[in-house]
Structure formats: C-alpha cells, structure tokens
Amino acid sequence: MGDIGTVDLELDRAHSARMYDYYLGGTTNFPADREAAGRAMAAFPSILATARINRRFMHRSVRFLARSGMRQFLDIGTGIPTSPNLHEVAQGEVPDAHVVYTDNDPIVLTHARALLHSDPAGRTAYVHADVTLPEALLAAEEIRATLDFTRPIALSLNALLHFVTDEHDAHEIVEHLKDALPSGSTLAIAHVTTEFDPEGIARLTGAYRAAGTPGQARTREEIARFFTGWELFEPGITPSHAWRPDPGDQGENVTDKEAACYVGVARKP
C-alpha cells in the first residue's frame with residue numbers, strides 16, 4: 001500500500017480531494033484547500049450542493065448494484081474517506097462484498113486505513129495508483145489479490161473523469177478498463193457537464209486550473225461515449241439527482257444546474 005511515513009502531503013498547495021472533503025463538510029482540509037475551494041465556490045456557488053448530490057448518487061448506485069447481485073467493487077478516484085464509504089454501503093447490503101479503492105492523491109493514502117475496516121465477511125483493500133496508467137493500476141498486487149477477474153466487477157468512476165483531460169485520452173483509458181472486466185461487470189460514472197450552466201462551469205474549471213488541477217467538463221454525448229458497447233440500466237444517462245432517486249429524495253428541490261453532472265450505470269453484455 002506504500003510507506004505512509006514518506007508521503008509528501010504538499011499541504012502548501014490545494015488538492016482536489018481535500019477541496020471535495022471541504023464541500024462535504026469534512027475536516028481533512030487545510031488553508032490552501034479552503035482558499036481554492038472558496039474561489040471555486042465564488043465561481044460556481046452551487047458546488048456544495050453539487051458535491052452532496054453526487055455523493056448521494058454514489059450511495060444509490062452502489063446499493064442498486066449490490067442488490068442486483070454484484071459482490072466485487074473497484075472504486076477508482078476514491079478521494080478522502082467520508083462515511084458512509086462505498087464499502088460500507090455495499091457491505092451493508094451484502095456483507096461478503098470485496099472492495100478495492102484506488103487514488104493517486106497522497107492525502108488519500110494517509111487515510112487509507114479508514115477504508116480498510118471491512119465487514120468480517122468481506123474484504124477491502126487500497127491501492128495508490130494513477131488512472132492515467134491503467135495497465136499498472138490493474139496489475140497492482142492488492143487488486144489481483146482482492147478481486148476475481150473471472151467474475152463480474154462493479155467499476156466506479158465517480159467524479160473522476162472530469163479530471164482526466166483529452167491530453168490523457170479519457171475515453172481510451174476507460175476502454176482499457178472496460179476490456180479488462182468480464183461479462184456481467186458494471187460501470188458507474190458521474191461526470192461534470194457543460195450543458196446546464198456553461199458559463200458557471202467554465203468559471204469553475206478555471207478556478208481548478210488556477211489551483212493546479214486541470215479539468216474538463218463534457219457534453220452528454222461525450223459522457224455517453226464512455227458507455228459504448230455496454231447496456232445502460234434504466235433510466236439511462238440522467239442528471240445526478242434524477243437517477244433512481246430514493247423516495248425521500250422525490251420532494252427535494254434540486255435543479256439540473258445544481259446537480260451539474262450527468263450520471264449513468266451500465267452492464268457489460
């Protein structure tokens with residue numbers, strides 16, 4: 001998992017994981033993160049709602065997949081642990097679920113132990129890896145020891161791909177990951193879009209770029225390409241708050257502009 005004692009946390013510069021933690025009301029953030037988050041909030045005031053709406057989509061999609069029979073989960077771009085984490089949601093439905101988290105942010109590595117408190121019937125692991133190097137990520141010993149690649153795996157790319165710009169060819173990376181998974185595997189994506197508030201998202205992207213984190217919002221069509229060849233579960237690609245909302249969410253007054261993301265969940269034939 002890496003030697004946590006040697007990790008450079010780079011506390012003098014903002015990190016997207018710590019900014020996201022701040023949006024969610026967490027405490028693992030520092031002045032540089034809060035300053036950058038403040039600029040992002042000024043650029044796109046809905047970002048606090050966006051983060052929380054997106055987090056609720058993750059919870060719903062994991063519950064749906066666990067109830068649909070998935071027992072293995074690979075979460076790339078994990079971020080700082082905010083309970084309930086993916087394994088808590090999955091193992092709340094199926095205690096024997098196996099979950100692997102990966103991230104390339106040093107601050108996440110220091111919190112990885114919080115992701116390893118598995119239900120005794122299941123198993124969790126953490127891998128410090130970079131999605132832009134998918135071959136190395138998939139070859140990681142902890143992944144191969146925890147997940148059985150002959151059985152379906154639920155791949156989660158939640159609020160990750162908008163940090164993978166065209167320079168790194170996000171679509172090719174996702175195809176590489178998809179190709180490695182067996183039939184019956186699933187893919188869940190939440191991705192910032194340009195379509196609901198183009199000017200606000202342009203300002204937000206600029207704020208992140210100024211903080212040292214390039215990003216790229218995409219259109220619905222560009223996001224749909226990530227699911228090419230796989231079968232989308234109903235209701236297809238929707239704003240994040242509209243994907244299979246819980247009964248308690250039905251009366252929530254959330255707009256597409258606040259959601260700011262398209263999401264979808266698909267299955268490999």
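Structure data summary
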read-out	value
Where Rh is the Kirkwood radius over Cα pairs, Rg/Rh for the chain	0.93
Computed over region 171-233: relative contact order in percent, which uses C-alpha pairs under 8 Å that are six or more apart	38
Residue of Phe73, Phe30, Phe57 that the Gaussian network model of the chain assigns the largest fluctuation, springs spanning Cα pairs under 10 Å	Phe30
Exposure proxy ranking, count of Cβ atoms within 10 Å, fewest first, for Asp12, Asp103	Asp12, Asp103
Cα-projected label distance for Asp246 with Thr132, points at 7 Å along beta-carbon direction, nm	3.6
Length released on extending from Ala202 to Glu175, taking residue separation times 0.36 nm less the Cα-Cα span	7.0 nm
Taking the chain and dividing mean pair separation by its residue count, relative contact order in percent (alpha carbons under 8 Å, at least six apart)	20
Residues Glu175, Glu35, sorted so that the one with the fewest Cβ neighbours within 10 Å comes first	Glu35, Glu175
Förster-model FRET efficiency, 30 Å R0, Glu35 and Leu232, C-beta, rounded to 0.05	0.15
Farthest positive-ward along region 29-103 dipole, Cα basis, beta-carbon charges - from Ala32, Phe57, Leu86	Phe57
Sorted by Cβ density within 10 Å, fewest first, the residues Thr205, Thr150, Thr213	Thr150, Thr213, Thr205
Fully extended contour minus Cα-Cα distance, from Ser83 to Arg63, at 0.36 nm per residue	5.7 nm
Computed FRET value (nearest 0.05) for Lys257 with Thr110, which takes r as the C-beta separation and R₀ as 35 Å	0.50
The chain, helix-only ellipticity at 222 nm - DSSP H runs n ≥ 4, -39,500 (n - 2.57), divided by all residues, nearest 500	-10500 deg cm²/dmol
Distance from region 136-171 to region 190-213 (C-alpha centre basis), Å	24
Alpha carbon centroid spacing (whole Å) that separates region 224-269 from region 52-115	18
Computed over region 79-181: relative contact order in percent, which uses C-alpha pairs under 8 Å that are six or more apart	24
Positive-pole candidate from Phe226, Val131, Gly248, dipole of region 10-267, charges at beta carbon	Gly248
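Only the coordinates and a few stated rules stand behind these numbers; no lab work does. For clarity, every value in this text was computed on a predicted model and none was experimentally measured. Backbone-built Cβ (ideal geometry, glycine too); neighbour counts: all protein chains shown.
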